[in-house]
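Encoded as structure tokens, the structure appears first; notes follow it.
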Amino acid sequence: MYSAAMRRAAAGWLLWLAVAFGLFNSGLPRERFRTVQQHFGAGQWPGLADAIRAYVTNDGDVRRYFAYAQAARGRPYQSYFIRTAEAWRGAFAAAEPYRPDEWPTVTPDRPLTPYRDYLVEYPPGFFAAALPPAWLAADADGYVKWFGAMMALALTGAFALMAWALGRRRGHPFPIGRAMGWGALGVFLLGVVATHRYDATVALALAFSAWATVARRPVALGIAVGLAIALKLTPVLVVPLFAMLALREQRGRDLAISAAAAALAVLALASPSLIAAGGRLVETLRYHADRPVQIESTWGALLGLVHAVAPGAVLVEKTFGSTNVAGPLSQTAGRLAALATASGLLAVYFLTWRRLGAAGAADRARATFAASAAVFAVFIACGKVSSPQYLVWILPLGLVLSLSDGERLGLTLFLAVLALTQLIYPVCYAGLEALRPAACALVLARNLLLLAWAFRLLARQPGPGPGAIATGSVEAAGQEPAL
């Protein structure tokens, strides 16, 4: 006989498998997708199954990954994506339209060297995520399937590790099945970008760092943080938080070990590209430094509202693989974004240092995890560039932490952020590109909710409050130990 807990766990796992591995990996092959698009364009209904599959066929970035991987392997690649930094700058200056399918497939006479022979807009650790599915796939459609399955697997590990880490701090296990059930809801609300971008690997590395923190494994912690930095660079923002935790706990030796392990992990993933491409690696950093204000950022949305009253002051351009805003106010918006991001990060670091000093031993890890969510929230909400997949970084961390706190409002806020993100992209994205006020207001609302959730999480005392989420166990009665 199955107990009620076992049935809930099984239901959670089934939901997770159905969404992450089933629905989100059921997109259409490229040729079929074009046909369905033509039906929609002609005002014809292609059928419910094809309509759903077309909606989850969000494979533009994955095909870019495939081109990068194929070029590095010396295999046929889609030539639109394989260009030098100079060629890309020329294309942006000429306002070249985004039409990758119109470019021919090229078969190189040798493997091309990433960063030297062609610009890669991601750090060298990216190839650890992009190459494995390329070895398994026969073509681009197969690559999309393998890649989506691997990212779903990465998120599975991330949710399981976060559940273990937070359960360990609570004094009794956090049900992994429950985490997977809520995870299914979270990824469903966020959308297919959860598994069709390589950001799931960052979420896994951050969850690994949470496990290492709780388990007191300084080498593993350093490796996890180093991997996250090599994959996306932005996780360098959490380094001060783990350093603060070690200093507050007077574990200077562990801090030195973790720092050394992190440096070695970054070098292990970056050194092949550094040796092969040399100074050309700097072009990736320059690429991101040159990016204008993205339309999905707070500042892009604000400029969109300005457009409603002063249309000539704001222009829309499609460059750097995204839709951006330009015009006389864009540089000012970029400077404000940098100032707001720096100020927000300093506020999080200051509050975290004080919180760690006042917290008991059982609460310090939880405070560090909450601060990790907060620094990413600041980066997403205050930076000049913001994309829906950035929320994947904190999806397992934020969802399991909100559940562990046992507070309905915090969980509701986070789920609302995820749902608004999918409403913005792809549902209302055409309106956002047209700078319609309602779509711009959605971006501002999402970002404000994200900041409210993050700072509420950061300031919250450990343990469930009176609004604890019922689960049919001792935690529903408010009897669980504090983190």
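The values are calculated or read from the model by the stated rules, or taken from the named source; none is laboratory data. These figures come from a predicted structure and were not determined experimentally. Backbone-built Cβ (ideal geometry, glycine too); neighbour counts: all protein chains shown.
General observations
- Trp13 satisfies every condition listed in (1) farther than 21 Å from Gln389 by Cβ; (2) aromatic (Phe, Trp, Tyr); (3) touching a residue at least 40 places away in the same chain (Cβ under 8 Å); (4) in a loop (DSSP other than H, G, I, E, B) except (4).
- Total residues in the stretch 311-362 satisfying the condition of being assigned to a loop (DSSP other than H, G, I, E, B) and out of contact with any Leu (no Cβ under 9 Å at 6 or more places or on another chain): the figure is 5.
- Restricting attention to the stretch 284-300 and to residues that are assigned to a helix (DSSP H, G or I) and either without any contact (Cβ under 8 Å) to a residue 40 or more places away in the chain or in contact with a Leu (Cβ under 6 Å, 6 or more places away or on another chain) (or both), the residue that is surrounded by the fewest Cβ atoms within 10 Å (Cβ to Cβ) turns out to be Ala289.
- Checking Ala5 against (1) modelled with pLDDT under 95; (2) outside any loop (DSSP other than H, G, I, E, B); (3) in contact with a His (Cβ under 7 Å, 6 or more places away or on another chain); (4) not basic (Lys, Arg), the condition it does not meet: (3)
- Among the residues of the stretch 370-399, the ones that are farther than 22 Å from Ser322 by Cβ and under 16 Å from the mean Cα position of the chain (by Cα) come to 8 in all.
- Condition check for Gly157: over 14 Å from the mean Cα position of the chain (by Cα), assigned by TED's automatic domain parsing to the domain that holds Leu401 and touching a residue at least 24 places away in the same chain (Cβ under 8 Å): yes
- When Leu119, Leu112, Leu166 are checked against the criterion of being surrounded by 15 or more Cβ atoms within 10 Å (Cβ to Cβ) and assigned by TED's automatic domain parsing to the domain that holds Leu190, Leu166 stands alone in meeting it.
- Candidate set from the stretch 70-99 (those that are surrounded by 12 or more Cβ atoms within 10 Å (Cβ to Cβ), charged (D, E, K, R) and part of a helix (DSSP H, G or I)); member that is modelled with the highest pLDDT: Arg73
- Odd one out for Ala338 among (1) in the same structural domain as Ser387 (by TED's automatic domain parsing); (2) closer than 27 Å to Ile223 by Cα; (3) at pLDDT 95 or above: (2)
- Failed item, numbered, when Ser372 is tested on (1) in the same structural domain as Gly431 (by TED's automatic domain parsing); (2) under 27 Å from Phe127 (Cα atoms); (3) modelled with pLDDT under 95; (4) surrounded by 18 or more Cβ atoms within 10 Å (Cβ to Cβ): (3)
- Of residues in the stretch 375-399 being out of contact with any Lys or Arg (no Cβ under 9 Å at 6 or more places or on another chain) and farther than 27 Å from Ser330 by Cα, the one surrounded by the most Cβ atoms within 10 Å (Cβ to Cβ): Gly398
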